[in-house]
Every structure is written in structure tokens, then in C-alpha cells.
1. Give the number of residues within the stretch 299-314 that are assigned to a helix (DSSP H, G or I) and in contact with a strand residue (DSSP E or B) (Cβ under 9 Å, 6 or more places away or on another chain).
2. Could you grab me the full set of residues in the stretch 414-445 that are surrounded by fewer than 22 Cβ atoms within 10 Å (Cβ to Cβ) and more than 22 Å from residue 393 (Cα to Cα)?
3. Kindly evaluate residue 67 against the criterion of being at pLDDT below 95, buried (at least 21 other Cβ atoms within 10 Å of the Cβ) and within 28 Å of the chain's Cα centre (by Cα).
4. Can you tell me which residue in the stretch 152-173 is nearest to the chain's Cα centre (by Cα), limited to those that are surrounded by 19 or more Cβ atoms within 10 Å (Cβ to Cβ) and not in a loop (DSSP other than H, G, I, E, B)?
5. If I ask for residues that are over 23 Å from residue 531 (Cβ atoms), over 15 Å from the mean Cα position of the chain (by Cα) and surrounded by 14 or more Cβ atoms within 10 Å (Cβ to Cβ), which ones from the stretch 42-64 would you list?
6. All but one of (1) over 31 Å from the mean Cα position of the chain (by Cα); (2) over 28 Å from residue 327 (Cβ atoms) hold for residue 400, so report the exception by its number.
7. Working carefully through the options 351, 375, 383, find the one that is at pLDDT 90 or above and surrounded by 23 or more Cβ atoms within 10 Å (Cβ to Cβ).
8. Tell me, please, whether a residue that is in a loop (DSSP other than H, G, I, E, B), crowded, with 22+ Cβ neighbours inside 10 Å and not assigned by TED's automatic domain parsing to the domain that holds residue 742 can be found in the stretch 543-552.
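The values are calculated or read from the model by the stated rules, or taken from the named source; none is laboratory data. Note that the coordinates shown come from a computational prediction; the quantities given were computed from them, not determined experimentally. Here the Cβ is made from the backbone with ideal geometry for all residues, glycine too, and neighbour counts use every protein chain on show.
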């Protein structure tokens, strides 16, 4: 630079300052370039983990003594929030962020042992994203130790709702009335709020679409209601997109007594809302009633465990009163005793004899700790972590309080002091049908959602991990030296309080456990050797693997050494070809070709290629049977197959699959039709319709898929026949859902690849 040019540039800087754009500085850099840049800012390469569905980074972790060092011009005298945001400006696109300054709002900031943990909520146009959260750990000297979490990448959707909050609430109430058999007058609800939802972040079933929803919580009017439902209502179509029960079956205590009576709706002892209702309050002596006194004593033991071990002041870390209702029987049970216990977000509630198990009391109160820290959703893998962490801390408290039945045979049993006996075995989860590793045959995908995605059953994976980490042993090819309960408690608490987000899964936990251990080296007696044992535990329980129980979304088309020869292909980008014809066999016809040409002012574009797809709407009535079929037959060559992409969300609940879709084929030019299920090779029907559906009690595609899946059918037995297919939906008169999305339908064969023959020209020598 010439002297005059340099002086001019300096004057511009001095006069106007240096502008740092709000958008991320990583916009023009590829992920590989950013990772190279990140490696250059650390002495040891950081650990990188990716989200199984979004494909984006979900974890960046460093060895604590070798963190990421940012350029000083970004962080001199900066707050932890400013340091974290500087890091995300540089590397946020790895997580899927486009503009961190606009997409992230500060949720919480806490400082622990010289490090700050900054938690962010993702938002789009001012609307928060469900489970879209990031946690950045800022170390000493304004360095970055780790960043974890998940966000929805490339958000682009209409944020103007067609459904009002009042309409959404009514839809939610109707669903809850049907689910629990209660009148709407017995249900209270929070004010509906707009959120953005995509099931990909929660890991459960559902269409992988960014959706504007009304979010609310519904519970009984009594504080001890047996349901506390998170409900999401689609803000464009008005149906319930998701609902699940969030009740997870200084010292200030209150105990009330329901006296084992059957509850009535106007019973003043329904809750324990005031000291006036209490039969034992803080500082008062024993009553002589075992239920009352044990609930009091064990809640105090749990408080003392968290206080003495982690410096935590009660459940919320703000001195929250520990409220217990004992000898409870809810009005919908029909008889006493009530064989359960639960935390409802306000208080503990126990059936007769259920406060007698110290680990159960610790378990249920830990659900409260989880709610006020990571906020893990009680749903699928995040719910399994919620349930297991409650087991872990409940049992660690039990092992240390010197009370109850803690002999060698009972050491890792959960609820050994309950009237019904133990309910889980952390040392040997399969003894109760639970998995001890991710690929155990006991791991469940819980397609019927009877356990909110297997929250109780799948908790066995981490329960086994906690046992191995504490006591050691040989399992699944790993020999582990135990760390003892004190160290294990510190590691799990560090993970829970600083590293997990609301939708964290087993991969997140498996990544976080060794990192948390590394951050605690030279504290609480934890050594680097201990952290090596933690890694062995993660390997033994296969936390970083996807479970075999998860459905395979992809269906093979042809082997890699063969090519596809198409007889028919439609990606629905040219509807003018009129390849499809829809028919109402009964009631209304709700097939739309292409999908975005529909009367609902709803963008049903959900294509795996291009911009168009088929859409069959799962309407709420009248009772209807409708199909969309190929307009013309094709003659099948030998060894043909059918392959298509599809996603579905049909009305169902715990009692049945009310609506669904079937695939049928004709080999006589549409005169008669047959069910294609006997020809299915990959991803055929997944359930049975209830008898009241117009299609009858047939096997069908029912419930919800995990986004788009691929199905393949073997047509070789039909070679030479005139062949066509139709997609057929049956709906009853009740509730609606998204329906059936279909794209990229092809009928083809696999053929050997024709080798390329190169013709060599004579060489001319000069």
C-alpha cells in the first residue's frame, strides 16, 4: 500500500471506527474451511459431533487446558455473552445458524468454578424454536471450552397464523377431553404462544417440516392432576401437531394427607397449596404416620444431597418449598390405593406406601431439578434421559443416606421399598425388560406412544452406564474401573446443569459425559484416568450409536454395480402430463395434485425433489374413502420394482389408529384392485386400522412416519402384466391430521452397467 493510501485508510478508521457486520462472518466459508480455522485456534483438534437428522454440528468440545482462543480484538473486556456471540459469529454456520445476532436470545448465564455457561434460545422473526437451543462454555481468559446444542437450519416459513389462539385452545381441549375422558371445565390451560416446531429436533415421529404452532400446557384444575400435557396446535391447519404428558411418573417442607380417600372434584384436600392444609411442616416432629413422616424425611434427604454435593438450594436452586401429598387416590382411578407417585411441576404426590422408598422420593424430586436445569422434554430419548437421570440421582442419594434397604442385593434396585417391590434394576436393566445398551433388543421405538417414546424402558441404557461408572465391571467388551458414587454424581450433575438442552438425546449424553469429566479433573478427586473409564462406559453402552429399533428410512434401489432402468417415473413437477386421477369412493376427495393446489390456503409443498408432490389430506370428516391412481397402465418388464418416497401423519391415539392409507395395484387396467402389502420389501405397512375406518380393519400406513421414508415393492411376479397403482386413504368422522405426502414414484429394473469402451487412435510419431 502506498503511503498516501495508508494514511487515508487510517483516517477513515479513526473517523468512523471499525464496523462488525451483524451477519455471521462464516457465510462465505465452507464447513471444511471453518473446521480448519477452528483447528488452527486450538493446540489439540476439538471433538466434533453431528446431529443425526439435520447433519449440522451439535457439539464442539476441547480439552479444557487447550480451549479455543479467539482473536483479542473480539473479546477484550467482553462479557461471557459477548465472547460466546463472537465465537458463534465465526462458527455458528456449522450449527446451522445464518445470523446469530438475530437468531439467538439469551436464556440463562451461570458461572461455575471460573467458567461461564451461556444458554441461547433460537428464534425466527421473533418466534422461538422448540428445542432450538445452544450452550456455549466460556473458559478463563475469555476462551471457548465447548459449544453444544441444536438449531433448525435454513428457516423460511410464514409466521402469520391462520388459526387464532382461541381456536387452537379449543382444538387442544377437544384432544385432551378425548384422551383423558374429562370435561373441558376440569382442564386449565396456559395462554397459547406462537412457536416453531420440527420433530427432527425432538427425535420423535412426525413430518420433518418447519411448522408454526400454538404452544400451550393443559392440566386438570387441581394441582395434583394426573396429566400435564404439552400441546402444539398447527397454526395454519388447526389440528394438534403434538401432545404428550410432562408428568414424570434451603430446606422448606410441607406434607399433606389425602387419607387414602377416593378423590372428588371438590375435595379441599386435592392439593397441598397452603400451610393450613399441612399435617407436618418444616421443623415439626414426627406424626407417627409412616407415609407422612417418610415423605418428610426423604424429601429432606434429597434436599441435603443436592445441597451438600453441588451447593444447590432446593429443586429450583432458589429455595423452593418441597411439597408432598401422601396417600393420594385420583378420581379417575376408581379405587384405592393409587400405585404410583409423580412430580407435576409444583409438588410431589404419592399413593399409599409410595413415600416409603427413599430412591423413589429422590427420583421424583430430581424430575424437578431436571425441569429447572436442562428442561428435558418427557418424550422419546430426551424423556429417557430425564427418567434415567432421576433414577441416577435418586439412587445416589439412597446409597448415601444410610436409610432404607441398601444391602448388596438391593444396591441398584429402584423402588425396592415400594409396596409392589422394585420396578427397575440399574445394574441389570434386562431383568425388567429394559435395554442396557443402544442396540439391545429391549430398546423400543414405542410406535404406539404408550410410554411417550419409551421414556421408562429406554432409561435402562444410562442406568447401566451409571452403575458401570460407579461400581465398574466388564460389559460389552469393556472392563471398567468404578469411580465411586461421589465422583459419578459430580460428573452427571455437571452434564445436567450445564451441557444438556431440552431435546438432548443419548448421543448428546455420550458426548458430554467425558467432556464433563475432563472439566472436573483435579476437583473432587477426579483424575484423567477416571475420564478414560467414563469413555469406556460410553463405548460399552453404545450411546454414540443409533438404535437398531429406529426405522430405516431408506430403501435400496439398485446395487452400486447396477444402473436403474425406468419404466415409469414421476416427480410431479409436470402435472400437465395428467399422470394421475383422483376418485372419491365415499364422502369427500381430499387428494391434491400437485399438493400446493388446494383450497386450504396451506402450503402443502413437502417435496423430496423439485417443488411439487402429491398430498392426501387427513380431513376430520365426513367419513371418506378416496384414492389417486395412475391414469395409464405400464407393461411390467421382468424383475421390476416399485419405489417411492412418502411421509404421513394420520389421526391416532392410545386407543387406535383411526385414519390411514393403503397402497393398491391393478393388473387389468383399473377394473379391479389388490392390496400391495404382500409385495412389500422395505417399509411396508406399520399398523392396523380400527374397524370403524371405511377401509375396515386393514393393515395400513398409520400414525406418523419419521419424516420422509422410502418404500420398495417387488413386482417380479407380475412381469408382462398391465400395471398401475393407487394410493388410497380412509378417514372417519372425528379429528384431522396432516395426511399423506408422496414424491418421486418410479417403476424400474436394475441392469448391469454397460462398460465404457474407449477407442484408441493410432499414435503418430514425428
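1. Going through the stretch 299-314 one residue at a time, the tally reaches 4.
2. 439, 441, 442, 444, 445
3. Numbers: at pLDDT below 95: yes; buried (at least 21 other Cβ atoms within 10 Å of the Cβ): yes; within 28 Å of the chain's Cα centre (by Cα): no.
So residue 67 does not fit the description; no.
4. 172
5. 56
6. (2) is the only condition that residue 400 fails.
7. On the way: 351 fails: at pLDDT 90 or above; 375 fails: surrounded by 23 or more Cβ atoms within 10 Å (Cβ to Cβ).
It is 383.
8. yes
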